[in-house]
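Read-outs throughout are calculated quantities, based only on the coordinates presented, and are distinct from any laboratory measurement. Please read all numbers here as calculations on a predicted model, not as lab measurements. Because the Cβ atoms are built from the backbone with ideal geometry, glycine has one as well, and the counts that use them run over all protein chains shown.
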Amino acid sequence: MSGIARPRRTPRRRLWLPICAGGVAALMATLTACGSSPSGPKAKDSAAKMSTDARWLAAKFRTYYKATTPFTVTRDATAAASCGHNKARYSFAGHQTFRIGPVSTYLDLTTVVDSWLKDRGYSIDFDKKTTYEFDTRNSQNLVNKKARIHLTVRATASSEKATTELWTITANTDCLRTG
C-alpha cells in the first residue's frame, strides 16, 4: 500500500487567506456604503419642522380660544448647540398669556394637543412624565419619532380663581447630523 499516492492537500492557512480577504473586502464595502448615505433627518431640517409646527400650534390655539395677545417666541430654533461628531441640537420656546374664565376650560387644552398634532407626525411621549395639578397646571409631552423632535405644551394658572393663564411651548431636536 505504500505505492498508492495520496492526494495532495492544500494547507489550511492557504485556504483561509482568500476567504478572510473576501470577508474583509465585503465588510469594507458595506461600511463605505453606510457611511456615504447616513440615515435619519438632518439637524437643520428637523429644526425648521419643529419651529413651523410649534408656531402652527400656537396659531391654532390663538384661533381656537380667540386670544388677543400675540405668541412670543423666546428661542427660535436658529442657533445650534453642538453635540460633537458633526451633530447638533436645536431648541424652540415661546409663550402666551390669555384672559380666562374657568381655568379648567383652558387647562383641558392639553388633552386635544395630541389630536391637533397627530397629522403632523406627533404622538404622546409616554417616556416623559406629564404634570397635572387640578385647575392650576397641566402639561402634555409629544414626540415626532421620524423627525426626532420632542415638544412639551404647558398650561399654568396661578390659582383656581386666576383670570389669566400662561401657555408655553418648548421643544428640542435630538442630536442629529449636520451634514
Got a sec to turn the phi values of the stretch 77-85 into Karplus ³J(HN,Hα) couplings, 6.51 cos²θ - 1.76 cosθ + 1.60 with θ = phi - 60°, whole Hz, x for Gly and Pro?
6, 9, 9, 8, 9, 5, 10, x, 6
Could you name the lysines in cross-link range of LYS128, using Cα to Cα under 25 Å and dropping any fewer than eight places away on the same chain?
LYS42, LYS44, LYS49, LYS60, LYS87, LYS118, LYS145, LYS146
Hey, what do the phi angles of the stretch 159-165 turn into as Karplus ³J(HN,Hα) couplings, whole Hz, using 6.51/-1.76/1.60 and θ = phi - 60°, x for Gly and Pro?
6, 5, 9, 5, 9, 9, 9
HN-Hα couplings for the stretch 88-100 via Karplus (6.51, -1.76, 1.60; θ = phi - 60°), in whole Hz with x for Gly/Pro, come out as 8, 10, 10, 10, 9, 8, x, 8, 7, 10, 10, 7, 10
Difference of contour (0.36 nm per residue) and Cα-Cα distance, ARG75 to THR164
29.8 nm
Theoretical gain in end-to-end length, CYS83 to LYS146 [0.36 nm per residue, Cα-Cα removed]:
20.7 nm
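Excluding THR170 itself, calculate the net charge of residues whose Cβ lies under 10 Å from the Cβ of THR170, where each Lys or Arg counts +1 and each Asp or Glu counts -1. Write down the numbers at each step before the final one.
Working: positive: ARG75, ARG154; negative: none.
Here the count lands on +2.
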